[in-house]
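Take a look at the structure set out below.
Quick note: the coordinates plus some simple rules give every number you see, no bench work behind them. Quick caveat, the model's predicted, so the values are computed rather than measured. All Cβ positions, glycine included, derive from the backbone under ideal geometry; neighbour counts span all protein chains shown.
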Amino acid sequence: MERDRGSILPLVPVLIIILLLLGGLVVDAGRDLNARSQAQSYAEEAARAGATAIDPNQTDLTLLPDLARRRVDAYCTAVRANSRDQVTGCEFVGISPTTTTCNGHAERRSIVVEARVTMRIPTTLLGLAGVSELGATGDARARPYEGITAADAC
């Protein structure tokens with residue numbers, strides 16, 4: 001029995017490292033989910049900002065592409081300024097077409113604004129395993145709608 005004394009001692013550092021890595025997975029996975037949610041929210045707001053670029057001189061719902069890009073860029077500038085260097089990319093992807101139907105008549109119009117946001121967050125405990133940062137991306141689409149009620153939409 002005297003010879004078994006301290007035989008578990010070499011196992012203790014290994015168990016501590018394993019517990020720290022498991023803790024890192026829990027903590028950093030939660031932070032990564034939060035970053036993904038934040039990136040998606042930023043992308044949705046950027047797309048909504050671009051979808052407000054309606055041409056008031058047209059009778060049909062029409063977007064002004066240059067104004068939509070400027071509004072997305074302005075939102076992205078504000079997000080980058082307030083994100084503590086976590087937002088690494090925020091961009092206007094483009095305006096894509098969609099089909100709208102009014103009184104049985106289908107019409108294809110380019111009114112859907114697309115935006116993309118990418119984020120990088122530093123890890124806490126996963127840095128022990130060599131993972132220094134995690135990435136998250138959010139892609140969103142937004143479009144303006146005509147009218148307040150279904151009857152106004154045509």
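Identify, please: which residue in segment 42-65 is out of contact with any Ser or Thr (no Cβ under 6 Å at 6 or more places or on another chain) and surrounded by fewer than 14 Cβ atoms within 10 Å (Cβ to Cβ) and is, among those, nearest to Val79 (Cα to Cα)? Break it down stepwise before answering.
Taking segment 42-65 and keeping what is out of contact with any Ser or Thr (no Cβ under 6 Å at 6 or more places or on another chain), we get 42-54, 56-65.
Subsequent filtering for residues that are surrounded by fewer than 14 Cβ atoms within 10 Å (Cβ to Cβ) retains 52, 56-60.
Details: Thr52: 18, Pro56: 28, Asn57: 31, Gln58: 31, Thr59: 33, Asp60: 32 Å.
For segment 42-65, the residue satisfying everything is Thr52.
Of all residues in segment 95-139 being among the basic types (Lys, Arg) and over 25 Å from the mean Cα position of the chain (by Cα), which is surrounded by the fewest Cβ atoms within 10 Å (Cβ to Cβ)?
Ranking the qualifying residues of segment 95-139, first place goes to Arg108.
Looking at (1) more than 30 Å from Val131 (Cα to Cα); (2) in contact with an Asp or Glu (Cβ under 7 Å, 6 or more places away or on another chain); (3) touching a residue at least 60 places away in the same chain (Cβ under 8 Å), find the lone condition where Ala43 falls short.
(1)
If the Cβ limit is 6 Å and pairs must be 6+ apart or interchain, which residue in segment 106-121 that is within 21 Å of Ala74 (Cβ to Cβ) pairs with which residue that is outside any strand (DSSP E or B) and among the charged types (D, E, K, R)?
Matching pairs, first to second residue: Ile111/Arg143; Val112/Arg143.
Within the bounds of segment 70-88, is there any residue that is touching a Lys or Arg at 6+ places or on another chain (Cβ under 7 Å), farther than 30 Å from Glu146 by Cα, surrounded by 17 or more Cβ atoms within 10 Å (Cβ to Cβ) and among the aliphatic types (A, V, I, L, M)?
For segment 70-88, residues touching a Lys or Arg at 6+ places or on another chain (Cβ under 7 Å), farther than 30 Å from Glu146 by Cα, surrounded by 17 or more Cβ atoms within 10 Å (Cβ to Cβ) and among the aliphatic types (A, V, I, L, M): present.
Taking only pairs six or more apart or across chains, which ones have beta-carbon atoms under 9 Å, a first residue in segment 63-91 that is farther than 21 Å from Met119 by Cβ, and a second residue that is charged (D, E, K, R)?
Leu63/Asp55; Leu63/Arg109; Leu63/Arg143; Leu64/Asp55; Leu67/Asp55
How many residues does segment 76-129 hold that are in a helix (DSSP H, G or I) and under 18 Å from Ala142 (Cβ atoms)? Steps first, answer last, please.
Here is the first cut: in segment 76-129, the ones in a helix (DSSP H, G or I) are 76-82, 126-129.
Remaining after also requiring under 18 Å from Ala142 (Cβ atoms): 76, 78-79.
Residues in segment 76-129 being in a helix (DSSP H, G or I) and under 18 Å from Ala142 (Cβ atoms): 3 in total.
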